[in-house]
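Taken together, the values in this text are just the output of simple stated rules run on the coordinates, not laboratory data. In this text, all values refer to a predicted model and were calculated from it rather than measured experimentally. Ideal geometry is used to build each Cβ from the backbone, glycine not excepted, and the neighbour counts take in all protein chains shown.
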Amino acid sequence: MDGRRRGPGGTTVGATDEIGWSAISARAHVNDIHATILRLMGLDHTRLTFLHGGRDERLTDVAGRVLTSLLA
């Protein structure tokens with residue numbers, strides 16, 4: 001099983017500890033979520049930059065990865 005479960009309002013991916021405080025499987029950083037959203041919008045997160053403080057920066061920094069397990 002891939003850790004995905006269909007819930008009443010959507011899909012659950014991964015698991016948390018018994019009190020829901022921290023993720024124990026399928027952890028994702030906010031940069032990963034941004035990279036996945038940008039992919040769904042048809043944009044390459046590694047090439048999308050914006051000018052901030054006089055230099056080009058990426059929304060996903062250098063660590064974003066597309067969460068292909070969420071895409072079906």
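Summary of computed values
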item	result
Selection from the range 32-52 of residues that are under 17 Å from THR68 (Cα atoms) and out of contact with any Lys or Arg (no Cβ under 8 Å at 6 or more places or on another chain)	ILE33, HIS34, THR36, ILE37, LEU38, ARG39, LEU40, MET41, GLY42, LEU43, ASP44
Residue list for the range 19-37, filter: free of Cβ contacts under 8 Å to residues at least 24 places away in the same chain and either more than 14 Å from ALA63 (Cα to Cα) or not hydrophobic (A, V, I, L, M, F, W, C) (or both)	ILE19, GLY20, TRP21, SER22, ALA23, ILE24, SER25, ARG27, ILE37
Scan of the range 16-72 for residues that are surrounded by 10 or more Cβ atoms within 10 Å (Cβ to Cβ) and among the β-branched types (Val, Ile, Thr), ordered by number	THR16, ILE24, VAL30, ILE33, THR36, ILE37, THR46, THR49, THR60, VAL66
